[in-house]
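Contents: one structure, followed by commentary.
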Amino acid sequence: MKHYSVFALAREAMRHHTGWERAWARATPKARYDAVIVGAGGHGLATAYYLGKNHGITNVAVLEKGWLGGGNTGRNTTIIRSNYLQDPSAAIYEKARALYETLSQDLNYNVMFSPRGVMMLAQTHHEVRGYQRTAHANALQGVATEFIPPRRVKELCPIIAIDGPRYPVLGALWQPRGGTARHDAVAWGYARACSAMGMDIIQQCEVTGVRSEGGRVTGVETTKGFIGTKKLGIVVAGHSGQVAEMAGFRLPVEAVALQALVSEPIKPCMDVVVMANTVHGYMSQSDKGEMVIGGGTDGFNNYTQRGSFHHIEETLRALIETFPMISRLKMLRQWGGIVDMTGDRSPIISKTPLGDCFINCGWGTGGFKAIPGSGWAMAELMARGEPGPLAAAFGIERFREGRFIDESVAAGVAH
Amino acid sequence: MLILTCPCCGVAAEESELAPGYEAHLKRAGADASDDDFESYMFARKNPKGVHFERWRHAYGCGKWFLAARCTATLEVFGTYSAQLPEPPAEIVAAIRARRPGWQPS
């Protein structure tokens with residue numbers, strides 16, 4: 001892998017950019033690997049990367065039925081934050097956020113992490129109390145957040161109407177080192193680094209079956225033939241239920257559509273990420289000037305990557321109330337992703353009933369922010385066969401044991 | 001927009017009139033059930049990519065619960081029926097088979 005640097009850029013500028021090599025090699029599957037990861041989205045690629053980097057396992061294949069990063073990694077609103085209430089959530093999301101801080105240097109690929117600050121508006125007294133509690137919890141967890149008054153909200157983001165008639169802004173939970181990153185670059189950067197370690201990233205290779213012997217996984221059937229493996233990691237988000245069924249177990253997961261949209265590009269008008277959970281919409285401005293907007297999920301199982309239009313209407317209605325200046329903006333593009341929702345709205349990073357088969361799913365509506373931490377924890381689980389401290393609380397057995405990590409109550413909405 | 005005909009009041013209800021209730025025909029685990037049965041009833045879901053039976057409530061209409069057969073891969077609706085029934089009635093199964101030959105309940 002040729003190193004990206006200002007000198008490389010200058011060198012290539014002198015020779016009409018003829019010397020750039022492919023970011024990752026086009027691979028054909030080998031007969032056997034030490035580890036196979038199903039799903040080349042952010043979480044799958046990060047798992048492969050940390051398997052190599054932290055655990056020295058590089059005989060790894062990442063299988064992807066579509067194209068790399070074309071699922072939810074390419075369909076989110078790129079928000080990164082770690083201001084969670086429950087300790088296990090705060091630990092893994094903060095690990096991820098901390099890894100994002102140096103990810104560009106680590107991968108030698110500019111993921112454009114922009115710690116511009118994330119603000120979660122409190123628009124009811126209940127929310128004020130909730131976020132004050134979260135701010136205290138975060139202080140104990142070592143996550144830098146603070147509860148700020150409306151005046152400070154207005155200073156940080158002047159386009160917010162803080163004295164709206166229905167839901168005036170009563171304060172906000174402010175995480176100054178939260179922000180956004182370039183979603184495609186995260187997938188591409190991890191893929192390039194994996195490829196450089198000699199891993200195979202095999203696109204357009206759909207897994208059609210899981211083969212096992214004596215209760216242990218032996219490989220996967222794919223559209224490109226059988227691929228043997230010692231360890232299998234299932235990291236497929238929305239389609240987790242399908243792959244789990246192939247491996248012979250059921251999950252506490254439902255697949256629903258979550259939509260997002262962007263406006264036409266406008267001049268810079270907000271340099272923070274704002275989430276308004278009472279009215280349920282969130283918005284940030286991309287580097288291209290588009291307002292990036294998201295809201296709530298649909299209420300029914302859906303695999304079509306398109307959602308119901310009335311949810312877009314609800315999201316925009318909420319945001320126009322909060323940001324009156326966007327009322328005349330034209331919306332440019334809208335899309336949907338299939339998110340895997342668990343009962344407690346927390347992810348699953350776990351061993352499964354099938355030996356040597358591991359699953360990482362259930363990130364629901366908030367997976368992008370967790371990519372590096374999720375990959376770190378999943379790689380540890382796959383390499384050792386037992387979860388490390390980050391993943392320990394996220395085992396699938398928590399549902400049977402009633403040991404939920406209840407972020408659905410903590411956040412009040414999908415998060 | 002998803003439109004389901006409420007079998008209780010006969011109104012063709014738009015999605016915004018309805019409240020979702022997710023998977024139908026779950027068998028309630030009683031007080032003497034094992035942990036596995038209880039987990040299965042409370043949390044494990046079929047979540048199929050294809051034919052799915054769900055509970056819906058005509059929230060902004062007659063207010064009653066009913067069940068619907070729908071395809072999660074195409075958003076096609078096969079029909080709706082009473083929430084009193086323990087399994088999909090013959091006409092719903094026939095409507096599904098007319099569109100998905102050879103379909104078997106899982």
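Bear in mind that the values in this text are calculations on the coordinates, not laboratory data. Keep in mind it's a predicted model, so treat the numbers as computed, not measured. Don't worry about glycine lacking a Cβ; one is built from the backbone with ideal geometry, like all the others, and counts go over all protein chains shown.
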Take each of the peptides A:196-203, A:366-373, average the number of other beta-carbon atoms within 10 Å over its residues, and list them starting from the highest. A:366-373, A:196-203
Which shape class applies to segment A:201-256: rounded if a/c is under 1.5, otherwise prolate when a/b exceeds b/c and oblate if not, where a ≥ b ≥ c are the square roots of the Cα gyration tensor eigenvalues? oblate
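In square nanometres, what is the average projected area of the Cα convex hull of segment A:154-245?
Taking the Cα atoms of segment A:154-245, their convex hull projects to 11.3 nm² on average.
Based on the Cα coordinates of segment A:21-130, what is the per residue volume of their convex hull in Å³?
149
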Summarise the partner chain shielding of A:394-400 as one whole number: the mean count of Cβ atoms from other chains within 10 Å of each residue's Cβ. 3
Which whole number in µm²/s is D for chain B by Stokes-Einstein, with the Kirkwood Rh taken over Cα pairs at 4 °C and 1.567 mPa s? 88
FRET efficiency, 1/(1 + (r/R0)^6) with R0 56 Å, evaluated for B:GLN84 and A:LEU140 via beta carbons: 0.65
Cα-based convex hull volume of segment A:114-198 per residue, rounded to whole Å³: 123
What list of ³J(HN,Hα) values in whole Hz, one per residue of segment B:53-62 in order, does the Karplus curve 6.51 cos²θ - 1.76 cosθ + 1.60 (θ = phi - 60°) give from phi, with Gly and Pro shown as x? 9, 9, 9, 9, 10, 7, 4, 9, x, 7
5 angstrom amide H check on B:ALA83, placed H, neighbours 5+ away: B:LEU67
Excluding same-chain residues fewer than 8 positions from A:LYS351, which aspartates and glutamates have a Cα within less than 13 Å of its Cα? A:GLU380, A:GLU386, A:GLU397
Along segment A:265-278, Karplus-curve 3J(HN,Hα) (6.51, -1.76, 1.60; θ = phi - 60°) to the nearest Hz, with x for Gly and Pro, reads x, 10, 5, x, 9, 8, 10, 9, 9, 10, 10, 10, 7, 5
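What average count of beta carbons from other chains do you get within 10 Å of the Cβ of residues in B:49-60?
For peptide B:49-60, the averaged partner shielding equals 2.
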Given a cut-off of 15 Å, what percent of all Cα-Cα pairs of segment B:36-79 lie beyond it? 57
Connecting every pair of Cα atoms under 10 Å apart in chain A and solving the GNM, the largest mean-square fluctuation among A:ALA237, A:ALA161, A:ALA257 falls on A:ALA161
Relative contact order for segment A:1-98 using alpha-carbon pairs under 8 Å, separation at least 6, rounded to a whole percent? 20
Show the residues, 5+ positions off or on another chain, whose built amide H is closer than 5 Å to the amide H of A:VAL210. A:GLU221
Rotationally averaged projected area of chain A (alpha carbon convex hull; nm²): 20.2
Could you work out, for segment A:105-146, what percent of all Cα-Cα pairs fall into each 5 Å distance bin, beginning at 0 Å and stopping at the bin that holds the largest distance? 6, 18, 18, 17, 13, 11, 9, 6, 3, 0
Whole-Hz couplings from phi, Karplus 6.51/-1.76/1.60, listed for segment B:64-76; x for Gly and Pro: 9, 7, 8, 10, 9, 10, 9, 9, 7, 8, 10, 6, 6
The correct pair for segment A:276-388, radius of gyration to one decimal and Dmax as a whole number, both in Å and from Cα atoms, is 17.9, 56
Report, ordered by chain and residue number, the lysines lying within cross-link reach of B:LYS49, taken as a straight Cα distance under 20 Å and ignoring same-chain residues fewer than 8 apart. A:LYS65
Those trypsin sites (Lys or Arg not before Pro) from segment B:50-106 that are DSSP loop and have at most 16 other Cβ neighbours within 10 Å turn out to be B:LYS64
How big is the Kirkwood radius of segment A:326-401, worked out from every pair of different alpha carbons and given in Å to one decimal? 14.0
Once the mean 1/r over all distinct Cα pairs of segment A:205-323 is inverted, what Kirkwood radius in angstroms do you read off? 17.4
Search the structure for amide H atoms under 5 Å from the amide H of B:ARG45, placed 1.01 Å from N in the peptide plane, and list their residues when 5 or more places away or on another chain. A:LEU251, A:VAL253
